[in-house]
1. When only Cα pairs under 8 Å and 6 or more residues apart are kept, what is the percent relative contact order across the range A:113-331?
2. With just the Cα atoms defining each centre, how far is the range B:245-324 from the range A:219-296? Give it in Å.
3. Output the peptides B:220-228, B:72-80 sorted from most to least packed, where packing is the average of other Cβ atoms within 10 Å over each peptide's residues.
4. Sorted by mean Cβ packing within 10 Å, highest first, what order do the peptides A:319-332, B:171-184 take?
5. Other chains' Cβ within 10 Å of A:317-326 residues: what's the mean?
6. Taking Cα atoms, how many degrees apart are the long axis of helix B:182-215 and the longest axis of chain B, rounded to 10 and kept between 0 and 90?
7. Please compute the modelled spin-label separation between residue B:137 and residue B:71, points set 7 Å along Cα→Cβ, answer in nm with one decimal.
8. Which of these, B:122, B:305, B:166, has the largest mean-square fluctuation under a Gaussian network model of chain B (Cα springs below 10 Å)?
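Values in this text are rule-based calculations from the coordinates and carry no lab data. Quick caveat, the model's predicted, so the values are computed rather than measured. Note that we place each Cβ from the backbone using ideal geometry, even for glycine, and neighbour counts take in every protein chain shown.
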């Protein structure tokens, strides 16, 4: 086959910017888009928690309801029923009704609606993960950029501090901080942080991951400082300030964005673990981790209490990881950010 | 080489010192957190507080307190619990170590084997449905909180399906010493091993697959193929061997982190009285000396693991020797 007609001249068009390229790549990644959709649904459901509690479950998910009764299939049942297992002593909370209405997923041992608590708990879990990620990324970027950009003594001091924090087992660091901070109110200057405040888990989770983010950013900045375009900028007489803003930071931003979904996933897991150990979110607030803990004593009689929040965590974290993979492939295909 | 080794040792000692200072400061010098109030219990009178402060040396300057604490922790080894008076902290931790090691070593065997199989199979069948399925499963394993997975395993093996043929052999929760009853030890730990390994199988499988795929595009693989070596042998002998360097590094770090406290959640869920469970119990009663001892023990384990990994890395990969 001989096709001798010359190809049509392409229309001259402006080169695609890096953001447009990344967006185009992400749009083609169906798994990542599906994961994003799942995340948005979960977020919307959690934001709608008050609506669910008012219009569907009709109970206050934060008040104990030991003597309540509900009507299921036309029959009136106690929320806390006499136990039918073993010697028949004690009370077992009502199991899942599997109908849209009160106690869809059953009650916990204080007679509170698990489904409504699940949605409220999701708000806290997502909020803590998000706020801790923001805190961690802002501080880590600052530390990493300062250490990499100024080098010398500043870098040495900051790097050594990061080394020590890095060597500290992350989980134990979080536990240690939690024990000390959660047992009594903390005074920092004029600010008093209540011991049950959500700020504590946020700060703790945000702080422990700083070395994990700051180190790669510092190394990246050092590589950038040696690159030809920075040398060129120096040669053209650009001020250090301008080099920082125009040459360094825009290149660091993509790295930071790659970190966001992965940090959210890690934060969700560690928040649930701390809350499960009762040193994260404090009652009466709920999070997915505290609900799993509530369900621990009911594991064999009413497994839904512990199963539901665990499934919620697993689905959310899985979606974050899949979306994170997509974002990484789109923005920074060569990076080797590790999940876990 | 010797000089580098010594420098690395010196660095390790410095980091350990740093960690002990950080741990000490967290527990004994956080603003607003008075350890003597914890020891004396709730609603203690001012006199009791003063007495406690004096007894435990908490009225001395911080550096002196630090030195005293470290001396009792490492030199005289007679630091006692604040809660269970008379219980010595160091022997208690020492007795818990075999349990944690049993748990982590068994899980490590499972996750290394599992990770190798998943990584090699996925890497060899790159892009196929097998590959995608394995990677999805791996990601699912990474995404589950380990303590929740443990509870699900308990629900299945201890309650729901305990009376069926599949799980009737599962003993009640708890630890059986290896020296007393090896078969009982195995039966008691096999479910915890599987649960703990699940996360790492996914992680290692994914990392190994990525590394294999990268390696298979290297020049030496093309050379090996050009020599007429079979594809299986190229993959296992040339590709896998070079990929294992990253694998070994990761393994050392994760093993250290797990022995040093990462297995806490698994121990709590399965009722194994290891170091993690010890930390957890001390946490419930705010037993500061016990927590300090387990945290410092754990951190040292992590630092040692880092050190061993660096040495191994230098032995396995000559390029790394001069990099630091």
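1. Contact order relative to length: 28 percent.
2. Here the two parts' Cα centres lie 24 Å apart.
3. Output ranking for B:220-228, B:72-80: B:72-80, B:220-228.
4. Ranking the peptides A:319-332, B:171-184 by packing returns A:319-332, B:171-184.
5. Going residue by residue through A:317-326 and averaging, the value is 3.
6. Roughly 60 degrees between the two axes.
7. Inter-label distance under the simple model: 5.8 nm.
8. Between B:122, B:305, B:166, it is B:166 that shows the largest mean-square fluctuation.
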